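Here is the structure we will look at.
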Amino acid sequence: MTRVVICSPLEPDLVDRIAAVDPRVDVLYEPDLLPVPRYEGDHVGVLPELTDEQRARWSALTSTAEVAFDFDRRAPSRVNEDFPRLRWLQATSAGLGRFTDQYPLDLSKVAVTTAAGVHAVPLAEFVLTGLLHFVKDVPRLKAWQAEHRWTRYTSRTLAGRRVLVVGLGAVGRHTAAVLAGLGVEVIGAVRPGGTATAPGVATVVHFDAIGPILPTVDAVVLACPLTPDTEGLLGAAEIAALKPDTVVINIARGQVIDEPALTTALATGALRGAVLDVATVEPLPPDSPLWNLPNVIISPHSASTAADENALITTLFCDNLRRWLDGTPLHNLYRPDLGY
């Protein structure tokens, strides 16, 4: 039997789907020992205080499991001691930078797979929402509505705009395809050796070659993983190179952009606006000036969290579980040399 321990909240019917993959699967699921979810699809939740008896029960599960569904948030530094038989871990997020920093797993012995691709649709829709918010001048319409003002005006179209999508993983590719379908010219930026072409992408450049592209685009969408190559990729100089009517959308990680430089550019009118699902420090501190800027949309790192997220992750995990049992290559295998 292959013992699979569920380490984050999951709906009972989805647990049953995992158990039904193969008779050789033994699913270990004790919801009263897991974090209490704060919202639908929450994989972090609030850790309950366990009694001695509950701690012993949890230890009995983790010490015998070969496969883990998600990271155990209770004691990251003890992952090797608590999971001595672990050979494969399926994450519930696409980006694993912060997890590999906290969990000292021996990746030569433990395979880690990501949830890359699961969040492509909701994130692409979020990008489209942000772009249309500014293209159609929703802030002005809301201001006029508050004044009960009926004034004819001329709007712009998203079609014909030029957008730089930084990162052409599953999210970036889907975002590019959606935008291209609406008549947007999409320029893609990738790491050296990364994706050379993608549907809907007119041109692909490397991360270090975006400088000449920046003054020509109407929007920048950051959809890349956080790696040494992408940390600070959009710095003060890059932000200064953008046109004043440019919109910046960040669905990557806060550290990909120079947040103080972005804030200054937005406050002074050097940029049209920003749509931010992430921040350098999360939660975004209450005293951050970004909260009060009228040309900023702030999402609390929730743009990827759709109501069907757990079902999609479970589908991915079940497919990988069949592969694991059959000894075939896993999807979304984490590569520490790339950082994703």
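The values are calculated or read from the model by the stated rules, or taken from the named source; none is laboratory data. These numbers were taken from a predicted model, which means no experiment stands behind them. Cβ coordinates were reconstructed from backbone atoms using ideal geometry, including for glycine residues, and neighbour counts include every protein chain displayed. Please note that ligands, DNA and RNA were not included when accessible areas were found on the heavy atoms of the full protein model with its side chains. Shrake-Rupley method; radii C 1.70, N 1.55, O 1.52, S 1.80 Å.
Observations
- The condition of being open to solvent by less than 60 Å² (accessible area, probe 1.4 Å) and in contact with a Leu (Cβ under 6 Å, 6 or more places away or on another chain) holds for only one of 232, 188, that being 188.
- Taking region 11-36 as the range and being assigned to a loop (DSSP other than H, G, I, E, B) and either touching a helix residue (DSSP H, G or I) at 6+ places or on another chain (Cβ under 9 Å) or crowded, with 18+ Cβ neighbours inside 10 Å (or both) as the test, the residues that pass are 11, 20, 21, 22, 24, 29, 30, 34, 35.
- Residues within region 289-311 that are in a loop (DSSP other than H, G, I, E, B) and in contact (Cβ under 8 Å) with a residue 24 or more places away in the chain, tallied: 11
- Residues (open to solvent by 20 Å² or more (accessible area, probe 1.4 Å), over 17 Å from the mean Cα position of the chain (by Cα) and of a type in the set (A, V, I, L, M, F, W, C)) located in region 312-340: 324, 325, 330
- Filtering 193, 183, 172 for residues that are part of a loop (DSSP other than H, G, I, E, B), in contact (Cβ under 8 Å) with a residue 12 or more places away in the chain and not basic (Lys, Arg) leaves a single hit, 183.
- All of (1) of a type in the set (A, V, I, L, M); (2) open to solvent by 70 Å² or more (accessible area, probe 1.4 Å); (3) within 21 Å of residue 331 (Cα to Cα) hold for residue 111 with one exception: (2).
Residue by residue, here is whether (1) within 14 Å of residue 317 (Cα to Cα); (2) within 11 Å of the chain's Cα centre (by Cα) holds:
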site: 85; (1), (2): no, no
site: 90; (1), (2): yes, no
site: 96; (1), (2): no, yes
site: 103; (1), (2): no, no
site: 111; (1), (2): yes, no
site: 115; (1), (2): yes, yes
site: 121; (1), (2): no, no
site: 128; (1), (2): no, no
site: 131; (1), (2): no, no
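- Enumeration of residues in region 242-286 that are within 14 Å of the chain's Cα centre (by Cα) and within 28 Å of residue 156 (Cα to Cα): 249, 250, 251, 252, 276, 277, 278
- Residue match in region 40-53 (condition: open to solvent by 30 Å² or more (accessible area, probe 1.4 Å) and polar (S, T, N, Q)): yes
- Number of the exception - residue 252 against (1) free of Cβ contacts under 8 Å to residues at least 60 places away in the same chain; (2) surrounded by 13 or more Cβ atoms within 10 Å (Cβ to Cβ): (1)
- Within the option set 94, 75, being surrounded by fewer than 19 Cβ atoms within 10 Å (Cβ to Cβ), at pLDDT below 95, hydrophobic (A, V, I, L, M, F, W, C) and closer than 23 Å to residue 282 by Cβ holds for one residue only, 75.
- Residue in region 273-300 that is most open to solvent (accessible area, probe 1.4 Å), counting only those that are more than 11 Å from residue 262 (Cβ to Cβ) and hydrophobic (A, V, I, L, M, F, W, C): 291
- Residue, nearest to residue 298 (Cα to Cα), within region 250-275, restricted to residues that are in contact with a Leu (Cβ under 7 Å, 6 or more places away or on another chain), of a type in the set (A, V, I, L, M) and not in a loop (DSSP other than H, G, I, E, B): 274
- First in region 261-285 and closer than 19 Å to residue 123 by Cβ and touching a residue at least 60 places away in the same chain (Cβ under 8 Å), second anywhere and among the hydroxyl-bearing types (Ser, Thr, Tyr) and open to solvent by 10 Å² or more (accessible area, probe 1.4 Å), Cβ under 9 Å, 6 or more apart: 275/129; 275/299; 277/299; 277/302; 277/304
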